[in-house]
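This report refers to the structure that appears directly beneath it.
The values are calculated or read from the model by the stated rules, or taken from the named source; none is laboratory data. Since the model is a prediction, treat every value here as computed from it, not as a measurement. A quick note on method: Cβ atoms are made from the backbone with ideal geometry, for glycine too, and the neighbour counts reach across all protein chains shown. Note: areas computed on protein heavy atoms with side chains; ligands, DNA, RNA excluded. Shrake-Rupley method; radii C 1.70, N 1.55, O 1.52, S 1.80 Å.
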Amino acid sequence: MIRYSGYRVDVIRGGAIWGGLRCTAPPRIDMNADAAITRSLSLTCAADANVRWLTDSLRPVLYLDGEPYSLGVFYPVSCREQVTETGEVLMNVEAYDRAYLLSQSRTETRLHFAAGTGYLAAVDSLLIASGISLRQIIQTSAVLQTAREDWDIGTSRLDIVNQFLSEINYTNLWFDGTGWARSSPMVTPSAVNSQHTYGGPGREMRKIRRSATRETDSFGVANVYIVICDNPDYPLPMQAVSVNDSPLSALSTLQLGKRIVQVVKLDNIASAAALQTYADNLRMQSIMRGQVVEFESPLYPDHGCRDVITLNHPEYGGIWQECGWTMTLGVDGTMTHRVERVVLV
């Protein structure tokens, strides 16, 4: 059983530990998978005039069984002084992970990427221009099909990176506990790619709360997806079709006895195969609906973004995907998980 022993919050300056903060309340780390900047840090600490709040970064470190685990690298975006009744000066700090650097890094000229440039080479150039050198992104041979100058001056590099990643059917960029940029091909959550197990002989579950109920609603939900990429710079228009004809899905063409079509138009895509994958992902997303619940557990530092989780529970057993989590550090620190059940409708 994991025993919790403590935490610290490092102040990072010039890539090295400069010092630490004296927190007066347990810090909180939040992950929201739907946000452009997925991780945030909230803390209250004793004011320190030597901390450079505009340029230093913060790194909370969790200790479990004496082993240190980094929980992210964060940049203060809001620092508010507070004077207590006893005269102590405190600092209330809100900070964001390294995606903040990308969101604040904006183009000053019109960017140009030549046809044939590797998608990940383009992404790398944007990360490096934003001061981000640590990245772990699953490799692909996909290249830009045409020369690109899509973006107005002043566009956030985070927006451009995520646009490129979407064109090769990768997840949006996120940053892990060690501060590395991460992205990988989108996959359908299943038992095969489950990363954590809670309940039963696995990790402990506590205080399960239902926050939503599952609905089966055919209004506005397509079962045929037609995706078109009609770019005048491409040799020919491309089209992909993906049909939900699963006999297990209540919204399929077989079950409803009719075809409900949705047409999606894209300006750019990596290839005809990527266009088909894009259409297939739309189909899978449309038929995956979930009940959302929250549960508490002891602190576990190995959670990322949209992790796939197996729950062993008489009512909530099955495969879930984590849409968010919160860690509250401290002697009695806990982790709250927000997960969505993966089901066919």
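Mean-square fluctuations from a GNM of the chain, with a 10 angstrom spring cutoff on Cα atoms, peak among 83, 263, 93 at 83. Just the protein heavy atoms count here, and of the accessible area of the stretch 138-295 at 1.4 Å, carbon and sulfur take up 51 percent. Rounded to whole Å, give me the distance from the Cα center of the stretch 144-204 to that of the stretch 1-67. The two parts, judged by their Cα centres, are 24 Å apart.
Protein heavy-atom accessible surface, 1.4 Å probe, per residue over the stretch 1-92: 53 Å². What's the angle, to the nearest 10 degrees (0 to 90), between helix 119-129's Cα axis and the longest principal axis of the chain? It works out to around 30 degrees.
Phi angles across the stretch 103-111 convert, under the Karplus curve 6.51 cos²θ - 1.76 cosθ + 1.60 with θ = phi - 60°, into 3J(HN,Hα) values of 5, 8, 7, 10, 5, 10, 9, 6, 6 Hz, Gly and Pro given as x.
Centre-to-centre, using Cα atoms only, the stretch 232-289 and the stretch 294-345 are separated by 30 Å. Loop-located trypsin sites (Lys or Arg not before Pro) across the stretch 1-65 with a Cβ neighbour count of 15 or fewer within 10 Å are 3, 22, 52, with loop assigned by DSSP. Near residue 254: Cβ cut-off under 15 Å, other residues only, Lys/Arg at +1 and Asp/Glu at -1. The net charge is +2. A run of the chain free of exposed loop cleavage sites, with GluC sites (Glu not before Pro) counted only in DSSP states other than H, G, I, E and B and at most 10 other beta carbons within 10 Å, reaches its longest extent at 216-314. Rounded to the nearest 500, the 222 nm mean residue ellipticity of the chain from helices alone is -4000 deg cm²/dmol, with -39,500 (n - 2.57) taken per DSSP H run of at least 4 residues.
Among the trypsin sites (Lys or Arg not before Pro) within the stretch 89-144, those in coil by DSSP and having at most 15 neighbouring Cβ atoms inside 10 Å are 110. Our estimate of slack between residue 285 and residue 151, defined as 0.36 nm per intervening residue step minus the Cα-Cα distance, is 45.4 nm. Taking other residues whose beta carbon is less than 13 angstrom from the beta carbon of residue 105, and scoring Lys, Arg as +1 and Asp, Glu as -1, yields +1. Taking amide H positions as modeled 1.01 Å from N, with prolines and chain starts lacking one, the residues under 5 Å from residue 7 and 5 or more places away or on another chain are 63.
Kirkwood radius for the stretch 126-243, taken over all pairs of different Cα atoms as the inverse mean of 1/r, rounds to 18.9 Å. The simple Förster model, with R0 at 30 Å and r as the Cβ-Cβ distance, assigns residue 117 and residue 13 a FRET efficiency of 0.30. For the stretch 210-317, the per residue solvent-accessible surface stands at 51 Å², with DNA, RNA and ligands left out and a 1.4 Å probe. The HN-Hα couplings worked out from phi for the stretch 175-192 by the Karplus form 6.51 cos²θ - 1.76 cosθ + 1.60 (θ = phi - 60°) are 10, 8, x, 8, x, 7, 6, 10, 6, 7, x, 5, 10, 7, x, 7, 4, 5 Hz, whole numbers, x standing for Gly and Pro.
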